[in-house]
Every structure is written in C-alpha cells, then in structure tokens.
2 protein chains.
Amino acid sequence: MARKQAVRREPLDPQRIYQAALDFMDVHGVDELSMRKLAALLDVDAMAIYHHVPGKQALLQGVYQVVLEELPLEEHAEVRWQDALRTLGMRFYRLAQRHPRIFPYLLSSQYGTPRELEIYQFIQQALRRTGLSDQDRLYATRALYTFAIGLASAAPTGLRLRPLYGEDSPSQPCQSSEDEVAFSIDLLIAGIERWLEER
Amino acid sequence: MARKQAVRREPLDPQRIYQAALDFMDVHGVDELSMRKLAALLDVDAMAIYHHVPGKQALLQGVYQVVLEELPLEEHAEVRWQDALRTLGMRFYRLAQRHPRIFPYLLSSQYGTPRELEIYQFIQQALRRTGLSDQDRLYATRALYTFAIGLASAAPTGLRLRPLYGEDSPSQPCQSSEDEVAFSIDLLIAGIERWLEER
DNA sequence: ACCTGAACACCGTTCAAGT
DNA sequence: ACCTGAACACCGTTCAAGT
C-alpha cells in the first residue's frame, strides 16, 4: 500500500492523463469513462485531475489530439499529389480502425484540435500541386476532409448498418476493408483529375 | 394547474416523446437533455417515459429516426442517376443544417436506424443504373454514404475548424455552403463516371 | 505546488405502489 | 393500462483544507 504509493510518484501531467483515458476508452468504450474512474486508474484522488485538465470536455479534446498525433504527416514533396492523398487516406482509415470505440464519438465533440488543422493543411498542400484555382482547391480540400470524417465515423462499425441486416445476408456490407477504402479515395481523386481535364 | 392537466391528456406515445426531445435538443443541444427535463417538458413524472421508451439510448435512436424521416426519398426512376444522387446529397446536407446541434452527435451513437438503411438502399438503387459491377456498386454506395456521414458530421460547424483559425482569416473555410457541397458531390459523381469510361 | 475529501446539484434507472 | 415517488448507484465540478 505504502509501497504502491512509492512506486509511482511522477507528478501527473496532462499527457499521462490523456493516455490513460485513451487506453481505458479503447477497452471499455467512451460511455464508461468517468473522471472518478480515471482518477482511480491513475491512483489519485478524483479531483487531482482538475489541476492539470480543466474539465471533461478538455480531457476528451486532449485525447483526440493524442490519437491524431499517431497519424504520420511527413510530406515528401516529390511524390505525386494522388499518392500523397491516397497514403494519407489509408493511414487515417487504419488509425480509425485502431480506435474503433472512440473515433466516432470524438468526432462529434464539436471543437477541433490543432492536429486536425495540420491534417487539413496537408491536404491543401497536396492539392496545390494540381493547379486547381484557389476556390476549387478549397472546395476539394473540404470534400476530402469531409470524406475522412465520414470514414472515421463509419468505417469502424461497418457503416453502422450491421444491426439492420440479418446475420444471413453475406453479400451485404458489414465490414469495410482496405480495398473498399482505397476504391473510395480513388473515386475522389479521379473526380479531381476529371475536373482538371475539363477545366 | 388542474386546468393544465385537463388540457393535455393524450396518453404519451413514443412519437410525441421523440418529437419533444428533438425540439428541446435543437434549441439547447444534446448534452442538456435529460430524462427528467424531458419528462417535465411533457408535464409528466420522470419515469413515465420508461413505459414507452426503454431507455435513453433508445430515445436518441428514436429521435434520429424521426429526423431522418424528414428526408424525402421518393424515387423517380426516369431521372438520371447523377441527378438522383445530387438531389439526395443536397437534401441530406440541408437536413443536417436544420439540426446542426444534434446531427453530429446522433451519428456517433453507433447503431443505425431503419431509415438509414432506406437511404443506403436509395443510393444503391440509383447506382444500379450505372452498369457498375456488383462489387464496384457496393463500394461506390458506401463511398457515397460515408461522404454523407462526413457531411452531416462536419457541415453544420464548418468542418469543426472554426476555433482554430483566427477571426481575421476571411479566406479560410469557416462556413460550408450549398455551392461547396454541390462541388463535393459532383466530384464523387465525376469519379464514378470516369471509372465507367475506363472499365 | 500538488493533492485530498466533503459537499452540491445533478444524472439514468429500478421497483413497489398508486389510480 | 398508465403513471407516480422514493430510492440506488452513480455523475461532473466547487471549494476549503491539508502537506
């Protein structure tokens, strides 16, 4: 007991709190998390957390930021914009798949994180190489970003239609796959290419 | 007081409960809703609701279904698939705009409603007219549906990036518009058309 | 500086009881 | 059949106090 207290005495910073919350939610789901349980997990009084994180909303935002930081964003400028976007999309999909219980929920919590902005700018940057007009590039960026949000929200649970189909309709779409996501991204890229040809 | 009780004595059915919850959440947001407040709104003891709706999760699902039923789905078979999809997309966008406080949240509540399935099948039906293979049509349907979810989740709040930009960057994307959504949908449609040309 | 503990104003939900 | 009211096991958060 006294031993346990002695073992862990780093003084509880935001990163450690976010990480513990993330780990817990990955296992138990978003609804199960409470400030009190999280505190117990960190071996600390419930209210200690409030000295490092302003409240629950901020906690969830912090977790979201931590998750998004798992997404690699190095830019290789020599790469075709099509490949840059395809890679980003697939990575984003895999990230959402790694955290299926929390991604849809975090997306709904209205306020963005800095990392989200970086992703947005990455897309914008890649599209700069297409020669689209400013207006069209803005629109295309948002189309891609919107799609990514849909992907994160829907992919983990197979488009949320699982409970509506009977078990016995194997041809129905109950699992998303890498193939499918690649197809979707290519659809958007092909749309942009066609727009470029016709402009 | 006794008068008030006399005025409203229809005996409280699920539809009326869902509608009251929807109206409340449109004004006050999702987080503000509680079973107790909803009961007060319906002029009823808190626990009366449980005789018509199994619990809060079911309540939210019911509300989601009610909202989605606002989306018109009549099929005009003679219309080009491109136009059918464009119309559906724009209507879905406008619906999300009419309920900006609740759409992103309802999307995150994991389990689908029957109406969601109908929308999915509407898309599938429209794409049947393209001549895509079964596999490709399935993929394309899901790409479009995924995009719709992103739209509903992101559009109401301007892609959730608002707080990340300074007030003073007018060129930045803080409002989605009909134009922009139309552009996005056309991008996906163009992608499908190109796929058809190349197959 | 960092953490604690009691307290406040709520929750969703169960269950026995009322009419 | 439909509703009520008390009770249970929780919440997030505030605030004064401890070390």
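The values are calculated or read from the model by the stated rules, or taken from the named source; none is laboratory data. Nothing here was measured: the structure is a model prediction, and the numbers come from that model. When we count neighbours, we look across all protein chains shown, and the Cβ atoms used for this are built from the backbone with ideal geometry, even at glycine. Side chains are part of the model used for accessible areas, which takes the heavy atoms of the whole protein and leaves out ligands, DNA and RNA. Shrake-Rupley method; radii C 1.70, N 1.55, O 1.52, S 1.80 Å.
The rows are residues; the columns are (1) farther than 20 Å from B:Phe147 by Cα; (2) open to solvent by 30 Å² or more (accessible area, probe 1.4 Å).
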| residue | (1), (2) |
| --- | --- |
| A:Leu33 | yes, no |
| A:Val66 | yes, no |
| A:Leu85 | no, no |
| A:Arg91 | no, yes |
| A:Arg94 | no, yes |
| A:Gln97 | no, yes |
| A:Leu106 | no, no |
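Quick one: in the range B:30-63, of everything that is in contact (Cβ under 8 Å) with a residue 40 or more places away in the chain and within 11 Å of DNA strand C (Cβ to nearest atom), which residue is farthest from the other protein chains (Cβ to nearest Cβ)?
If we take residues in the range B:30-63 being in contact (Cβ under 8 Å) with a residue 40 or more places away in the chain and within 11 Å of DNA strand C (Cβ to nearest atom), then B:Leu59 is farthest from the other protein chains (Cβ to nearest Cβ).
Applying the condition of being within 20 Å of the chain's Cα centre (by Cα) and more than 22 Å from A:Ile185 (Cβ to Cβ) to the range B:120-147 and asking which residue is least open to solvent (accessible area, probe 1.4 Å) yields B:Phe122.
For the range B:157-171, check the following and say yes or no: at least one residue is at pLDDT 90 or above and crowded, with 19+ Cβ neighbours inside 10 Å. Scanning the range B:157-171 turns up no residue that is at pLDDT 90 or above and crowded, with 19+ Cβ neighbours inside 10 Å.
Matching residues to (1) under 19 Å from B:Ser109 (Cα atoms); (2) within 16 Å of DNA strand D (Cβ to nearest atom); (3) more than 21 Å from the chain's Cα centre (by Cα); (4) of a type outside the set (Val, Ile, Thr):
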site	(1), (2), (3), (4)
B:Asp26	yes, no, no, yes
B:Ser34	yes, yes, yes, yes
B:Leu42	no, yes, yes, yes
B:Ala48	no, yes, yes, yes
B:Lys56	yes, yes, no, yes
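Scanning the range B:49-64 for residues that are surrounded by fewer than 16 Cβ atoms within 10 Å (Cβ to Cβ) and of a type in the set (A, V, I, L, M, F, W, C) returns a single hit, B:Ala58.
Close Cβ contacts (under 7 Å, 6 or more residues apart or on different chains) running from residues in the range B:107-124 that are under 21 Å from B:Arg137 (Cα atoms) to residues that are among the β-branched types (Val, Ile, Thr) comprise B:Tyr120/B:Thr141; B:Ile123/B:Thr141; B:Gln124/B:Thr141. Can you spot a residue in the range A:20-29 that is open to solvent by 20 Å² or more (accessible area, probe 1.4 Å), within 15 Å of DNA strand C (Cβ to nearest atom) and in a loop (DSSP other than H, G, I, E, B)? No: the range A:20-29 contains no residue that is open to solvent by 20 Å² or more (accessible area, probe 1.4 Å), within 15 Å of DNA strand C (Cβ to nearest atom) and in a loop (DSSP other than H, G, I, E, B). With a requirement of 1 or more residues that are under 28 Å from B:Glu178 (Cβ atoms), the helices (runs of 4 or more DSSP H) lying completely within the range B:35-147 that satisfy it span B:56-68, B:81-98, B:103-107, B:114-128.
Of the set (1) more than 7 Å from every other protein chain (Cβ to nearest Cβ); (2) modelled with pLDDT under 95, all apply to B:Leu151 but (1).
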